[in-house]
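The values are calculated or read from the model by the stated rules, or taken from the named source; none is laboratory data. Since the structure is predicted, the reported quantities are computational estimates derived from the model, not experimental observations. For neighbour counting, all protein chains shown are included, and Cβ atoms are generated from backbone atoms with ideal geometry for every residue, glycine included.
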Amino acid sequence: MATLHHIAIIPGDGIGAEVVSEGVKCLKTLSEISGDIRFEFKYFPWGSEYCLQNGKMMPEDGLEVLKNFDAIYLGAVGDPRLPDDVTLHGLLLPIKFGFDLYAGLRPVFLFPGVESPLARISEGEIDIVVIRENTEGEYSNIGGVVGVEERELALQSGLFTRKGIERIIAFAFEYAVARGRKKVTSVTKSNAQRYGMVLWDKIFKEVAAGYPEIRTESKLIDAACMDVIRSPKGYDVIVASNLFADILSDLTAAATGGMGLAPGASFNPKDRTYPGFFDPVHGSAPDIAGKGLANPIAAILTVRMMLDYLGEGEAGELLYQAVGKNLAEKKVRTIDLGGRSQTHEVGDDIVRILRSFS
């Protein structure tokens, strides 16, 4: 009997609906050609438009509605009519924090057929996984604004706990061991942030001692950003706080073809009580929304990560190979990669390749 997976889909804002539809198209194709996997999709119209009409990004019982699904697939969030902090704190963070999806996984790879903007870097030479602490750190909503005019004052605090730091660093090492990776780099700013980041550095050394087979290093965020551009081949697995991993995942994506190729996943590696959350790293790109210009590959590679999470690794690998073949052929690609194809045409080509494998 085929395994049935229940997927909650939140297309979100801007290009979200366009790229998500191509990911769903790939899931349906994989279901057809395998015969062993089935997907049941339920769509939720939450996001900025919903907020403009209802005063909130999702309903009060949104988490209660989502908790019974196997996975959540989101397109993008962000709208120029709303402040970015409203969209982030109204949808993405409540899901990650509410379901304790503490591990953020953002891999980048320089595929054959894709040119890096960095000089003297060839295909396959950049293969980095950024692991992001998702549920505390700098994105904790701790602080406030008081006073008016020249006496106005804002206080913003980061939250760093031993539990939160220890479990994300341990996950980074466990991921490295399981995937045959050789090095884990910790990124902080402990020379300036003397409490949370110093605690992070201390715990990184403690956890690293349990994995003598893995090489380690600690970098300050400014030095890490410089080195990722100067010598990206020196990085393998990077583990960092909520903010710094967010920055580094965008930077590493830029070095490997852009945000249109950058997938993302958030989940709890130790507890599957709640669904994993899967969304590409890119934003809603309102300037190109509805024009068919968006690259759907980040959203499709995000589907691959969702399949791995659901225990459908074979289907995920097939999809990964199809994306690789599309990129290597250099025939059907969107404008960000130098092509002229529409969003749906890239999805159609990947479906074509998937069917050719069967």
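Looking at V130, is it surrounded by 13 or more Cβ atoms within 10 Å (Cβ to Cβ) and either among the hydrophobic types (A, V, I, L, M, F, W, C) or not assigned by TED's automatic domain parsing to the domain that holds M305 (or both)?
Yes: the conditions hold for V130.
Within region 224-241, does at least one residue satisfy the condition of being modelled with pLDDT of 95 or more, in a loop (DSSP other than H, G, I, E, B), at negative phi and in the same structural domain as C26 (by TED's automatic domain parsing)?
Within region 224-241 (the criterion being modelled with pLDDT of 95 or more, in a loop (DSSP other than H, G, I, E, B), at negative phi and in the same structural domain as C26 (by TED's automatic domain parsing)), the answer is no, since none of the residues qualifies.
Specify which of the listed residues (K233, K291) is surrounded by fewer than 18 Cβ atoms within 10 Å (Cβ to Cβ), free of Cβ contacts under 8 Å to residues at least 12 places away in the same chain and out of contact with any strand residue (DSSP E or B) (no Cβ under 6 Å at 6 or more places or on another chain).
Step by step, each of K233, K291 is checked, and only K291 is surrounded by fewer than 18 Cβ atoms within 10 Å (Cβ to Cβ), free of Cβ contacts under 8 Å to residues at least 12 places away in the same chain and out of contact with any strand residue (DSSP E or B) (no Cβ under 6 Å at 6 or more places or on another chain).
Identify, by number, the condition in (1) closer than 30 Å to K67 by Cα; (2) surrounded by fewer than 17 Cβ atoms within 10 Å (Cβ to Cβ) that A262 doesn't meet.
Condition (2) is where A262 drops out.
Please verify whether region 73-85 includes one or more residues that are farther than 26 Å from Y139 by Cβ, in the same structural domain as T302 (by TED's automatic domain parsing), modelled with pLDDT of 95 or more and within 22 Å of the chain's Cα centre (by Cα).
No - not one qualifying residue is present in region 73-85.
Hey, among the residues in region 233-261 that are hydroxyl-bearing (S, T, Y) and within 25 Å of E115 (Cβ to Cβ), which one's nearest to the chain's Cα centre (by Cα)? Quick ask: steps written out before the conclusion?
Our first condition is that a residue be hydroxyl-bearing (S, T, Y); within region 233-261, this holds for 235, 241, 249, 252, 256.
Then drop every residue that is not within 25 Å of E115 (Cβ to Cβ), which leaves 235, 249, 252, 256.
Working: Y235: 18, S249: 8, T252: 12, T256: 15 Å.
Here the residue is S249.
Taking region 133-183 as the search range and keeping residues that are acidic (D, E) and part of a loop (DSSP other than H, G, I, E, B), which one is surrounded by the fewest Cβ atoms within 10 Å (Cβ to Cβ)?
E152
Is it true that some residue in region 300-317 is within 12 Å of the chain's Cα centre (by Cα), within 26 Å of L159 (Cα to Cα) and not assigned by TED's automatic domain parsing to the domain that holds A224?
no
Please count how many residues of region 321-358 are closer than 20 Å to K28 by Cβ, surrounded by 20 or more Cβ atoms within 10 Å (Cβ to Cβ), touching a Leu at 6+ places or on another chain (Cβ under 9 Å) and not hydrophobic (A, V, I, L, M, F, W, C).
1
Would you check if there is a residue in region 86-102 being of a type in the set (S, T, N, Q) and part of a loop (DSSP other than H, G, I, E, B)?
Within region 86-102, not a single residue is of a type in the set (S, T, N, Q) and part of a loop (DSSP other than H, G, I, E, B).
So if I check each of L4, L30, which one is in contact with a Leu (Cβ under 8 Å, 6 or more places away or on another chain) and under 18 Å from D308 (Cβ atoms)?
L30 is the lone residue from the list that is in contact with a Leu (Cβ under 8 Å, 6 or more places away or on another chain) and under 18 Å from D308 (Cβ atoms).
Farther than 24 Å from F277 by Cβ and under 18 Å from the mean Cα position of the chain (by Cα): which single residue out of L93, L110 fits that description? Steps first, answer last, please.
Details: L93 fails: farther than 24 Å from F277 by Cβ.
Answer to the selection: L110.
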